[in-house]
Every structure is written in C-alpha cells, then in structure tokens.
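Reading through the structure tokens given below for one structure.
The values are calculated or read from the model by the stated rules, or taken from the named source; none is laboratory data. Given the structure is predicted, the values throughout are model-derived calculations rather than measurements. All Cβ positions, even for glycine, are placed from backbone atoms using ideal geometry, and neighbour counts span all protein chains on display.
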Amino acid sequence: MTKCLYCPHHCDISEGSTGRCAMYSSSNNEIVERYPDHWLVVTSVSVETIPFVHGWPKAKALQISTVGCNLSCPGCVSEILARTPEAIGTGLRKIDAETLIRQAKEEECLGIVFCLNEPTVSLPSFLRVAKLAKEKGLFVACSSNGYFSDYTLNLLLPVLDMVNIGLKGINPGNLRECGIVNNRIVMENIKKLVAAGVHVEVALMHATGFDNDLIQQAKEVVSISDRIPIQIMRCMAFGDLGQEYEPSIPESEHLCARIHEFTPHVYLLNSPGTSCLDTTCPDCGRVLAKREMYGPMGCRPVSFSHTNMCSCGYHLPIAGIVSSERFEEEGMDGGYRPTRALEFIQGIVSCLGVDDPSCAPRLWRSFLAEGGISSIHDRIQKISSYYGIIDEVAGIVDRKETGEELTAVLKEMTARVTTAVSGAARPRVLYTMGYPVFSLNGGRFENHLVETAGGNPVNRMIPRTGKPGVNITSEEFYAVNPDWICISGLFSLPKDACLAYCLKNDLIVPAIEKKNILEMPASWDFGSPRWILGLMLLAKSFHPDRCSWDVTSEADRFYRRFYGVPFEKIHPTRSFIKASAR
Ligand code: SF4
C-alpha cells in the first residue's frame, strides 16, 4: 500500500489500483498520475469566466482542465467529468508544459488558470505548467474546493497567484455527501493562502433552505479577510438535485443583501439580468464595474474603471492589473461551458437507452478528438443539424436503429407543428433567461424553436451577443415590444417574478398586459431531445386555435418511449442527461 498525500482522504492505494478520485495509482510504491500531462480543455478565456471578479480584471488566460475530483457533491456542474474520469480520460490530449506555455504566450495570455475540475487530482501536471508559467512571467490561478493537504498547499504556495475556493456549506449531512470529513481544513487553507499573499475569492452555493448556513460561513470568511469577494452561486438543479433546492433569483438577491450588511463585495452568479453582479463603492454607492452573466458560474465585465479607484477616493481591492480590453471566448469553450457540451452528448445517449458503461470511452475518444467540444456548439443551433448529431452518437454507441427511431419521432412531431402554424400571424416573442432584461442570442436554438413554432423571435433585433445572451436596456426592451415573453428552461425565473419585475421597472409591453409569459419546463428547450416538447408547447401557446394536441399527453408518450417512465413520475431537473432527478 502507498499513501497518497495530496488531499485529506489520504487514500491507501495498492499496486495497480486507484484512489478515491481515480486519478492516481500506485506503481513501485510511488503515487503516480494516471493521465500525466493529459488535458480535457486547453483554451483561452477571460478570467471572469472562471470566475474571478477582483483578480486581474478582464485578463485573458489559458484555461487548462483535466477530469476527476476528490469530492462528490450533489448537483455538481462538472458531474459528468468529475464522476467518470476513466471514461472521459480516454479522450484527453497529451500536451507537455512547454507546449502549453508556448500557446499561452502566442495567444497573448497574461496567465494560466486551472478550472472546471479539481487541480489536486492532477497536481504534478498542474505544477509543471505552473512553474514554467511563473518563469515566463505569467500569473497562475485555479478554482478549487480547497480540500487539499498541507503537503499540496506547500507545493502550490510558491506558484499560485490567485484561487477561487468553492465552499460546501456547513450542514454535516451535505458535507458527508460531498466526502468532506473535516470542514476546518478548507477554512485553514484559506487562512494560509491569504497569509501567504495569494489573492483569494470564495464561492458559496446557495441552495434553498441553507441561507443561515451561508451567512455563517460568509462571516467566517470575512473574519479571515474583508478583502475577499464573496460569490454566491445560485444553485442549479444539475445532476441528481431536484428543483426544490433551486432558489429563485429574487431569493438569492435577498441573501446577497443580507451578506452585504457585513461585507462590501458580494456577487450573484447563475442569475441572468441581476444587478448583483455589479461592483459598487461601499463609501459613496457609485457603480465601479458593471457585469452580466457569461455562462454557468461565469460573468463578464461590461464596464470596469481602469484605475480601480472611485472618484470619492475608495480603492477597490483587486489583484494584478486591469486589462484594457476584455477577451471573448468562442462557442462552448471556456469556463464551465464544456460541461454543458459533454452533457449534451450524454443526453442523447441516455435518450437512446444506453446503459452499457463500455460505450462511454468510445464516445469520448471520438467526440473529444480534434477539438470536438468546440464543434458541438455550431451543430446544436438548428433542428436540421441536430439530427446529424443523433445519427453520429447512435453510430458510436451501437444504437443505430433507436437513433433512427428518435429522429423519425422528432421529425414527425416537428412536421405536425409546422403544418399547424403554417400561414398564421407571428407574435413577437422575446426569449429570456432569468430576468426579462436578459435576452438570449438571436442565433440560439431556443429562438430557432420560436420561429418553427410560428413566432417572430425579436431577440434577433438585438445586435450584441453574449453567452448565452446579453442584458438589454429598457429602451431596447420597449423597441422589441414582445407579445410573448418565454423564460428559458435552463436559467429560469418564476412567471410571477417576471411579471413583478416588469411592473416594478415600468416595462409594460403587450406580453405583460396580457400576461403572456411562458415558463419553459426544465430541459424542454435546449440540451436534450426533450426540446421537441418545448416546441409543441411554444406552438400551442402562440396558436392555441391551430394546435389541437395535448402537451401533457405528448410528453407522457415521449417519456415512456425514450426514458421508460410516465411523465407524471418525473422529478424535474436541469440535467441534460437525466429525464428525472430521481
Ligand atoms: S488526491 Fe485522490 S488518491 Fe489522493 S488522497 Fe485525494 S482522493 Fe485519494
């Protein structure tokens, strides 16, 4: 047996077997990486995508990611690559540290950042890159759960400039589920990182019912240093978490306000359209930086003062320099977006009824080769190209016939919709995420669904694009003048909250006057073949006199056929993979 020293699990690993994270094995009484210098993601990103809000603002950095984690938290956004490292590990690309740093320099990155999974489980590879990065004058950053040993901390300290630590709360049951035996270790690590001069940001996941726990933990962080920005990650019902754990955006904003009472800089993520992503001066209240959502867990600065000093004299505590221009990533590259792309593929696999684990390595070898993640983005924005992905996935997992049947069903249901709405007057439809002032990109799949369902996607009148959309002004909201507002099934908002927001902010358009607000069920408009149900729901809502189908009956038929469960038994989830959280 050889003991792994990298994290507090201190796994005893016998020759040839692996530890809890499945990323280290034992060979000749030494702990060795299973995939040394192998990477899942190597791509340039803006640091706010990771996210860092007070560290090297607007800087471009080279993101590197592997697979695996030493924890197993319910609802993890990276579940697909944290829980199945063996399967996805077959698709990793071997790139040595010199090549990575050369790429970072060629792409004019100011630093490197390990994000998406836990650096502790690929520590020797990360350290090789980090040391070389420092030699070449780049900053080194990572996202981490902070559950690493003193041994690891001492290896990281000489190279690490900044870190985002994701805390797991204080509830003993939740910590046990994550695999955290001693929560003090994480707080002690934060103290040591701060004492060593590392820039630390802390992320807290806000799940319903845990507000007081979060406030207690935020107070503890602030007692270490009130310069640490607190990021509130609104919980999303990913993985096996049910939607009952998902607070609404107004509920998370209320939590931010409570935390703001004892620390100046609190930020709310996963909440499109919120103003709680902005930095305000604690002394005079001026807005020093405006930000908008930029993918799961991420944001981007819309404006950021170059001096990091308020006109009243307040100094915003930031690390590094403020870059003059922000960098924008391509497609589904960067931050946590690749997890959505991988789930997208796995969502088709589960719809095909595949439960043979031996298919997974074949799948990822094929899809991750030649930068497969980036290519997925363009292929999932149209119904026509979606069929091609089903065909490809079905071929790889030996389910050609089921793939053909799925495609035939999707085509038949789509044809019913197009026939029914043909020639009908098209209502103006604004597709939103979160608050109604966050407009999805006009080219997104959801707007393609609106068009197919006989609507006029007015999002296309907004020239700017983001990930997956942009904040719009009240003038733009009035200009698009929607007859319908559709709220995404991914980052959602209760219909009543949408109505209340518009009334409070004097955003009165026909959709609000007639209460034409559609809250799309989770995963019915993007990410899984269940989009067909979203299409039928949209058409039925826009053109009830022309669409005779009953959406519930259609859903029941679809769920029974492709997931083997009646619709009424479904526990809704934002997961692209699972039809039901339980
Ligand atoms: S890093 Fe992995 S193998 Fe090592 S102690 Fe932690 S869980 Fe076990």
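When restricted to residues that are under 21 Å from Val181 (Cβ atoms) and either outside any loop (DSSP other than H, G, I, E, B) or more than 8 Å from the ligand (Cβ to nearest atom) (or both), region 18-32 contains 3. Of the numbered criteria (1) without any contact (Cβ under 8 Å) to a residue 12 or more places away in the chain; (2) within 16 Å of the ligand (Cβ to nearest atom), the one Arg102 fails is (2). On the stretch given as region 190-204, residues that are surrounded by fewer than 23 Cβ atoms within 10 Å (Cβ to Cβ), under 20 Å from Ile215 (Cα atoms) and without any contact (Cβ under 8 Å) to a residue 60 or more places away in the chain total 2.
Listed by first and then second residue, the pairs linking a residue in region 1-20 that is in contact (Cβ under 8 Å) with a residue 60 or more places away in the chain and on the phi > 0 side of the Ramachandran plot to a residue that is among the small types (Gly, Ala, Ser) and more than 7 Å from the ligand (Cβ to nearest atom), with Cβ atoms under 9 Å apart and 6 or more places separating them unless they lie on different chains, are His10/Ser149. Checked against the criterion of being in contact with a strand residue (DSSP E or B) (Cβ under 9 Å, 6 or more places away or on another chain), buried (at least 20 other Cβ atoms within 10 Å of the Cβ) and closer than 30 Å to Tyr245 by Cβ, region 475-483 has no qualifying residue. Taking region 78-117 as the range and being farther than 17 Å from Asp37 by Cβ and either of a type outside the set (A, V, I, L, M, F, W, C) or surrounded by fewer than 22 Cβ atoms within 10 Å (Cβ to Cβ) (or both) as the test, the residues that pass are Ser78, Glu79, Arg83, Thr84, Glu86, Ala87, Lys105, Glu106, Glu107, Glu108, Leu110, Gly111. Restricted to region 455-466, and to residues there that are in contact with a helix residue (DSSP H, G or I) (Cβ under 7 Å, 6 or more places away or on another chain) and assigned to a loop (DSSP other than H, G, I, E, B), the residue that is farthest from Pro296 (Cα to Cα) is Gly455.
For region 118-140, the candidate set comprises residues that are within 16 Å of the ligand (Cβ to nearest atom) and surrounded by fewer than 21 Cβ atoms within 10 Å (Cβ to Cβ); within that set, the residue that is farthest from Pro36 (Cα to Cα) is Leu127. Quick one: which residue in Cys11, Cys69 is near the ligand (Cβ under 9 Å from one of its atoms), over 20 Å from Cys115 (Cα atoms), out of contact with any strand residue (DSSP E or B) (no Cβ under 6 Å at 6 or more places or on another chain) and not basic (Lys, Arg)? Every option except Cys11 fails the conditions. In region 172-189, the residue that is surrounded by the most Cβ atoms within 10 Å (Cβ to Cβ) out of those that are of a type in the set (S, T, N, Q) and modelled with pLDDT under 95 is Asn183.
What about Gly169, is it within 24 Å of the chain's Cα centre (by Cα), at pLDDT below 95 and more than 16 Å from the ligand (Cβ to nearest atom)?
On the way: within 24 Å of the chain's Cα centre (by Cα): yes; at pLDDT below 95: yes; more than 16 Å from the ligand (Cβ to nearest atom): yes.
The answer is yes for Gly169.
Across region 556-582, the qualifying residues are those that are hydroxyl-bearing (Ser, Thr, Tyr) and in a loop (DSSP other than H, G, I, E, B), and the one among them that is surrounded by the fewest Cβ atoms within 10 Å (Cβ to Cβ) is Ser580. Candidates are the residues of region 411-459 that are surrounded by 16 or more Cβ atoms within 10 Å (Cβ to Cβ) and of a type in the set (Lys, Arg); the one that is farthest from Pro482 (Cα to Cα) is Arg416.
Under the condition of being small (Gly, Ala, Ser) and either surrounded by fewer than 24 Cβ atoms within 10 Å (Cβ to Cβ) or within 14 Å of the ligand (Cβ to nearest atom) (or both), the residues counted in region 33-56 number 1. For region 259-290, the candidate set comprises residues that are hydroxyl-bearing (Ser, Thr, Tyr) and outside any loop (DSSP other than H, G, I, E, B); within that set, the residue that is nearest to His206 (Cα to Cα) is Tyr267.
Exactly one residue among Phe126, Phe148 is closer than 29 Å to Thr84 by Cα, among the hydrophobic types (A, V, I, L, M, F, W, C) and either in contact with an Asp or Glu (Cβ under 9 Å, 6 or more places away or on another chain) or not assigned by TED's automatic domain parsing to the domain that holds Glu33 (or both), and that residue is Phe148.
Listed by first and then second residue, the pairs with beta-carbon distance under 9 Å, at least 6 apart or on different chains, first residue in region 553-578 and free of Cβ contacts under 8 Å to residues at least 60 places away in the same chain and of a type in the set (A, V, I, L, M), second surrounded by fewer than 21 Cβ atoms within 10 Å (Cβ to Cβ) and not in a helix (DSSP H, G or I), are Ala555/Pro521; Ala555/Ile570; Val565/Ser580; Ile570/Ser580. Contact annotation: residue pairs with Cβ atoms under 6 Å, 6 or more positions apart or on different chains, pairing a residue in region 291-314 that is part of a loop (DSSP other than H, G, I, E, B) with a partner that is surrounded by fewer than 17 Cβ atoms within 10 Å (Cβ to Cβ), are Cys310/Arg286; Cys312/Asp283; Cys312/Cys284; Tyr314/Asp283. Would you be able to tell me the number of residues in region 107-149 that are touching a residue at least 24 places away in the same chain (Cβ under 8 Å) and part of a helix (DSSP H, G or I)? Residues that pass the stated criteria total 16. Applying the criterion of being out of contact with any Leu (no Cβ under 7 Å at 6 or more places or on another chain) and in a helix (DSSP H, G or I) to the residues of region 512-536, the residue that is surrounded by the fewest Cβ atoms within 10 Å (Cβ to Cβ) is Glu513.
The set of residues in region 296-321 that are buried (at least 23 other Cβ atoms within 10 Å of the Cβ) and on the phi > 0 side of the Ramachandran plot contains only Met297. Taken over region 33-68, residues that are in a loop (DSSP other than H, G, I, E, B) and closer than 23 Å to His265 by Cβ amount to 9.
Only a single item in (1) surrounded by 20 or more Cβ atoms within 10 Å (Cβ to Cβ); (2) more than 30 Å from Asp398 (Cβ to Cβ) is not met by Leu342, and it is number (2).
Checked against (1) within 16 Å of the ligand (Cβ to nearest atom); (2) over 29 Å from Ala581 (Cβ atoms); (3) β-branched (Val, Ile, Thr), Val113 passes all but condition (1).
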